[in-house]
Amino acid sequence: MDLDPQLPVWYKPISHSYLRRALWHDYKSPCIYMITLSKHPDQSNFSHLAPGMLTMPQPIYPKLLPTGMAISRAFKITIARYPYIRMLKYVIMPDHMHFILSVTEETPEHLGFYINAIKRACTQENWMRNAICANCDAPVFAEGYNDRILTQANQLNNWFQYISENPKRLLIKQSYPEYFQHAQIQISSNESHHIYGNHFLLSYPRFWVKYSSAFSIKQKEEWRERCIEEIEKESVIVSAFIHPEEKRILEKAIASNGKIIQIVENPFLHKEKPEKKRFYLCAEGRFLIISLNQEIIKYDQRMTKPRAILLNELAKKIACLPNENLRIIR
């Protein structure tokens, strides 16, 4: 994919890997981590979630299958061997495991040493407990692990909430798969973009939300009234929601049970999910995300005028082109 010529030359596509370590961090130092381990492809599922659990009061706990029971036992025993490592919270999902570790003092070994010890212990426990299972010779976990490093004051509470809600989010995705679809939207023979969410929103009337700083006070009020009118008419509002005034319309649409298509820069990878608010909007079937880039680009976090123009141009196309010009490719 050709990069925008207006971007600095050091912007280039990068290949994301969730298994990389942070080169700036000392993995022997006291710290708190959220770790994710994925199931080995040849291993049986760790746990089970039944659709009926959605009607149960929170929290929802996955029902552990034999491999999950082995993981739970081995995990706790292994952590107990290291007095300077505490387990704060964990959840065993059908095909992965999340846990939060607190390293309370300088450790003799790199964090990876202890993660690998946990993985080996889980595999050995699974072999001993489930020797008659069809996949008993397979390792429990896939190679590598993903770590997130605690760097912000409110991050730990977010991690606790993320782990607590993980089973519910998976159940929602399983129960309403049509609202969490990855696909491509083709606009012309040489232009297509990644989409995620309820692509049926593209069949509704659409309205482009674009604020101009050149608006007079009267024009601003008329523009806002028109946006609210379109939300009330159940039009789908389409925007990159960059300007604060556009963000206010977004919040109005969310509060009014409106339908939303948001234009963003980068697509979600296969196992990525939107943040909490957008996830639950997807679950309600009223949110679609369309990404500008089909490759992940390492951008500066600041919004620049050239990038804003690209996002707004795509929003205008999605809002204004007739339905026959928008083709969904699953």
### Message
Going Cα to Cα from Lys259, which aspartates and glutamates come in below 16 Å? Please leave out same-chain ones fewer than 8 positions away.
### Response
Glu178, Glu229, Glu230, Glu232, Glu234, Glu246, Glu251, Glu284
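Apply the a/c threshold of 1.5 to the C-alpha gyration tensor of segment 203-267 and tell me whether it is rounded, prolate or oblate. Can you show the working numbers first?
Working: a/c = 1.87, a/b = 1.21, b/c = 1.54.
Oblate, since a/c reaches 1.5 and b/c is not below a/b.
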### Query
At a Förster radius of 30 Å, what calculated FRET efficiency corresponds to the Cβ-Cβ distance of Asn190 and Arg330, to the nearest 0.05?
0.90
### Positive dipole terminus of segment 121-237, leading residue within Gln186, Leu170, Thr151 (C-beta point charges)
Thr151
### Task
Mind scanning Lys89/Lys277; Lys89/Lys305; Lys173/Lys317; Lys28/Lys63; Lys277/Lys316 and naming the pairs with a C-alpha gap bigger than 31 Å?
Lys89/Lys305; Lys28/Lys63
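Count the net charge of all other residues whose Cβ sits under 10 Å from the Cβ of Leu170, scoring Lys and Arg as +1 and Asp and Glu as -1. Walk me through the intermediate numbers first.
Details: positive: Lys168, Arg169, Lys173, Lys273; negative: Asp95, Glu165.
Taking every other residue near Leu170 into account, the sum is +2.
Output the DSSP H helices from the chain with an along-axis C-alpha extent of no less than 20 Å and a mean Kyte-Doolittle hydropathy no less than 0.5. Each step should come with its number before you reach the end.
Working: long enough: 66-80 (22 Å, 0.73); 111-129 (27 Å, -0.35); 155-175 (29 Å, -0.90); 217-232 (23 Å, -1.64); 305-320 (22 Å, 0.22).
Flagged H segments are 66-80.
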### Dipole moment magnitude, nearest 20 debye, segment 110-184 about Cα centre, only Lys, Arg, Asp, Glu C-beta charged
140 debye
### Message
Please state the shape class of segment 82-190: rounded when a/c is under 1.5, otherwise prolate if a/b exceeds b/c and oblate if not, all from the C-alpha gyration tensor.
### Response
oblate
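Please arrange Ser203, Ser239, Ser256 by accessible surface area, largest first, computed with a 1.4 Å probe and ligands excluded.
Details: Ser203 80, Ser239 0, Ser256 55 Å².
Largest accessible area first, the list is Ser203, Ser256, Ser239.
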### Message
Suppose all protein chains stay in the model; what accessible area per residue would a 1.4 Å probe give for segment 161-226, in Å²?
### Response
53 Å²
### Query
Classify segment 165-278: rounded, prolate or oblate, from the alpha-carbon gyration tensor (a ≥ b ≥ c, eigenvalue square roots; a/c under 1.5 rounded; otherwise prolate if a/b is larger than b/c)?
prolate
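The values are calculated or read from the model by the stated rules, or taken from the named source; none is laboratory data. Treat the numbers as computed from the prediction; the structure is a model and nothing was measured. Please note: Cβ atoms are built from the backbone with ideal geometry, for glycine as well, and neighbour counts cover all protein chains shown. Please note that ligands, DNA and RNA were not included when accessible areas were found on the heavy atoms of the full protein model with its side chains. Shrake-Rupley method; radii C 1.70, N 1.55, O 1.52, S 1.80 Å.
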